[in-house]
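The structure appears right after this line, and notes come after that.
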Amino acid sequence: MTDLAALIERFNVDDPAFIADPYPALGALREATPVFWNERSNQWVLTRFADVHETLRHRGLGRAYTHKYTHAELGHAEPDSRWADFHQHEAWSLLCLEPPDHTRLRRLVAKVFTPRAVAALRPDIEGYSEELLDRCAELGTFDLLADYAQPYSVAVICSMLGVPREDTQLLLDWSHAIVKMYELSTTDEVRAAANQAAAEYIAYTRDLIAAKRSNPDGLLVSELVQVEDEGDTLTEDEIVSTTMVLLEAGHEATVNTLGNGVRALMKHPAEWARLVEGGVDAKTAVEELLRWDAPLQLFERWVLEPGVEIAGRPMQVGDEVVMLFGSAERDPRRFDDPDRFDVGRGDTAHIGFGGGIHFCVGAPLARQELAVSLEGLVARFPNLSLADEPEYQPTFVIRGLKQLLLSTT
Ligand code: HEM
């Protein structure tokens, strides 16, 4: 086996040691090659920042191909009909569309997520944070994920959408089940659970839409129902997918950024002290939390046009390309001393929120949610420490902890 083949072998998302700390293996691969073929998944894999940055913006690639080619044309089987509800739930998701449908839907959604609209939400967001931190203070030892980040982020997105608060646990359970479908390696049991969750979720969202139609409340789902943008209206299927992508995309990554980030802070007490002493503000630190232990480790693109070349490698139409965010975010060609966790780094041009037409529409909201949380934690619990050694979930694409037990004293 060549040295490179041995390094590729280490890139094994089913290996618990890799999941526990993927960065040494990712770093070795990145230094060995900018691109490699992964036989396990039949994909080209990009390891370096510049190539990932370019690929995100390259119009010869897309998140979807069905606007240009049939499945058969690219040599793929038709989507598995056993998971029809899952496919339906994402059919009109921004993440599954390319122009012109993407442009039309994105324009409508983006209106709600402008920095100004998001700034107006700050008092509500602070209110949710305060309420949950009060409870954490009472507990003394608490799980940052279950006791704070999950109910917090879901409350924020549900309040924007206009979803009743008593339904948030239902949505959380569906969202957790559905996103497992996006892992590189899944079992039929996991897929069936994701499909079942999608079916229930679709039925719920249709009822919600009907309720908003008869009782508009000015919140996002209601706005989408009513929207008339340059004469354009949204179909019910489009509203269902849009609502669901906002809930899914808006929830898991925010929770995991906070979990992974506070874990990093606890492991680097001098960096936590910089926040407590006021040398670095929460807003600045959030950027390093996103970069240093990426909550979303990879994204994929399809090659849609002939003549695409990435990292010096010619690609064929129909090839699938993986961008390793976690590796790119630690590329020494882009970041000084990239493995160093430095809350004062203040580099906002990382790729944590992507780039190009699919750039995270929720980035201003996510940044605000994270900054409010860090501010609250620092102000309330300056002596915060790990109450137990945290473990990562056994998934790679969505990188997050099982729990993060913290002690406030
Ligand atoms: C720390 C938290 C978050 C991270 C790290 C994150 C990251 C990302 C990334 C990397 C993409 C681009 C995917 C690609 O190019 O293939 C994306 C897209 C998206 N994100 Fe986020 N996100 C976060 C929070 C949110 C929030 C709070 C919302 C909404 C409430 C949201 C909604 C979306 C949507 C709708 C898209 C698709 C945009 C499009 O395709 O046009 N995200 N996100």
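The values are calculated or read from the model by the stated rules, or taken from the named source; none is laboratory data. Please read all numbers here as calculations on a predicted model, not as lab measurements. When we count neighbours, we look across all protein chains shown, and the Cβ atoms used for this are built from the backbone with ideal geometry, even at glycine. Accessible surface areas use protein heavy atoms only, side chains included; no ligands, DNA or RNA. Shrake-Rupley method; radii C 1.70, N 1.55, O 1.52, S 1.80 Å.
With a cut-off of 14 Å between beta carbons, the residues surrounding residue 12 carry a summed charge of -4, where Lys and Arg count +1 and Asp and Glu -1.
With contributions of -39500 (n - 2.57) from each DSSP H run of at least four residues, the per-residue ellipticity at 222 nm computed over the chain stands at -15500 deg cm²/dmol. Label-to-label distance for residue 32 and residue 359 is 3.5 nm, based on points extended 7 Å past Cα in the beta-carbon direction. Within straight cross-link reach of residue 111, meaning Cα distance under 20 Å, which lysines are found once same-chain residues fewer than 8 apart are removed? Here the lysines satisfying the reach criterion relative to residue 111 are 212. Near residue 280: Cβ cut-off under 11 Å, other residues only, Lys/Arg at +1 and Asp/Glu at -1. The net charge is -3. With a cut-off of 11 Å between beta carbons, the residues surrounding residue 395 carry a summed charge of 0, where Lys and Arg count +1 and Asp and Glu -1.
The residue 192 and residue 165 beta-carbon pair, evaluated with R₀ = 22 Å, returns a calculated FRET efficiency of approximately 0.15.
Solvent-accessible surface of region 183-237, taken per residue with a 1.4 Å probe and all protein chains present: 53 Å².
Fully extending the segment from residue 138 to residue 69, taken as 0.36 nm per residue of separation minus the present Cα-Cα distance, adds 19.2 nm. Name the lysines eligible as straight-distance cross-link partners of residue 402: C-alpha to C-alpha under 30 Å, and not fewer than 8 places from it in the same chain. Filter leaves 180, 267, 283. Per-residue 3J(HN,Hα) values for region 338-345, derived from phi via the Karplus relation 6.51 cos²θ - 1.76 cosθ + 1.60 with θ = phi - 60°, read x, 7, 6, 8, 10, 5, x, 4 Hz in sequence order (x marks Gly and Pro). The stretch between residue 219 and residue 305 holds 27.0 nm of extra length on full extension. This uses 0.36 nm per residue minus the Cα-Cα distance. Pairs of Cα atoms under 8 Å, at least six residues apart: use those to get the relative contact order of the chain, whole percent. Relative CO of the chain lands at 26 percent. Per residue, the accessible area of region 261-409 comes to 38 Å², computed with a 1.4 Å probe over protein heavy atoms only.
Counting only lysines at least 8 places from residue 68 when in the same chain, there are none with an alpha carbon closer than 20 Å to its own. If a paramagnetic tag sat 7 Å from the Cα of residue 409 along the Cα-Cβ line, which residues of region 123-149 would have the backbone N under 17 Å from that point? Residues 135-143 fall inside that zone. Note on the chain: with a GNM built from Cα contacts shorter than 10 Å, the maximum mean-square fluctuation among 111, 212, 180 falls on 111.
With R₀ fixed at 25 Å, the C-beta to C-beta distance from residue 211 to residue 173 puts the FRET efficiency at about 0.75.
Extension gain for the segment residue 80 to residue 267, taken as residue separation times 0.36 nm less the Cα-Cα distance, is 63.0 nm to one decimal.
So what's the chain giving for Cα Rg divided by 2.2 N^0.38 Å, two decimals? In units of the 2.2 N^0.38 Å rule of thumb, it is 0.98. Apolar share of the accessible surface for the chain: 51 percent from carbon plus sulfur atoms, 1.4 Å probe.
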